[in-house]
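Enquirer: Starting off with a structure, shown below.
All of the numbers you see were taken from the coordinates with simple rules; none came from a lab. This one's a predicted model, so the numbers in the text were calculated from it and none came from an experiment. Because the Cβ atoms are built from the backbone with ideal geometry, glycine has one as well, and the counts that use them run over all protein chains shown.
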Amino acid sequence: MRIDIVTLFPEMLSGYLGHSILQRAQAADLLDVRLHNLRDYAAGKHHVTDEPPFGGGGGMVLKPEPLFAAVAAVLAGAADVPVVLLTPQGRLFSQPVAAELAAQSRLLLLCGRYEGVDERVRQYLVTDEISIGDYVLTGGELAALVVVDAVARLLPGVLGAEGAAETDSHATGLLEGPHYTRPGQFRTWPVPEILRSGHAANIARWRRQQALRRTWQRRPELLLTAPLTDEDRYYLAILAEERAGALRGR
Ligand code: 6GU
């Protein structure tokens, strides 16, 4: 998959992209991330990319011309490439949105900065707008990295273990349960006996129950949309009964 990113600060992104799984994915040609400096597409001796807003109000707004020029140059006539603006006004990023983007062969990400971008960019250039959460960042660069990271690890071959992305927190619609590694006993704290039993079916059932328990405790609203089996619902009913019993016993 190819991802082009237009930003005023490509160096903010290159460090993160140059390490670990994203670096290996690019070296293996599974992922091709290309950074483009918006300033290179700004006209004039001073390569001005932003101006104060018409009507006043303070802050600076990214001018339309450099963004239109950058997108035209990067796309070079390629059709059907989503042009995604990272902005707190976008639709909320989530695992299903990551999966949707990972199904594309190319993406073009535009990092907003300052108070925003000229509205004509939204209206006539961008095909999608994404926010990574309900808080305000100084620019879209961190959000672009979040999107690239979440999308890249869904691409075939990027994660080492086959299917490692399938049991992730959120991929199943549930939070993941606990993980343990050696030592089997650390200080006074042992690893749950069942994980050391070697009984694969029991371990799988225990893990599913732990995922259900953790989701029920921490993010109960996810249970409203997660795909659940009858056995899952039975286990959740036991959890609810346990809680009701504990409340009665207070
Ligand atoms: Cl995509 N950009 C900015 N500036 N702030 C954000 C965001 C994006 N997502 C959440 N907050």
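Enquirer: Would you say PRO178 is without any contact (Cβ under 8 Å) to a residue 24 or more places away in the chain, on the phi < 0 side of the Ramachandran plot and away from the ligand (no atom under 15 Å from the Cβ)?
Expert: no
Enquirer: Something else now. Any chance the stretch 98-106 includes a residue that's of a type outside the set (Gly, Ala, Ser) and in contact with a Ser or Thr (Cβ under 6 Å, 6 or more places away or on another chain)?
Expert: No, that holds for no residue.
Enquirer: Moving to a separate point now. If PRO192 passes every condition in (1) in contact with a Phe, Trp or Tyr (Cβ under 8 Å, 6 or more places away or on another chain); (2) of a type outside the set (D, E, K, R); (3) surrounded by fewer than 14 Cβ atoms within 10 Å (Cβ to Cβ); (4) closer than 22 Å to SER105 by Cα but one, which one does it miss?
Expert: So the condition that PRO192 fails would be (4).
Enquirer: Let me ask something else about it. If a residue has to be surrounded by 20 or more Cβ atoms within 10 Å (Cβ to Cβ) and in contact with a helix residue (DSSP H, G or I) (Cβ under 7 Å, 6 or more places away or on another chain) to count, how many in the stretch 119-143 make the cut?
Expert: 4
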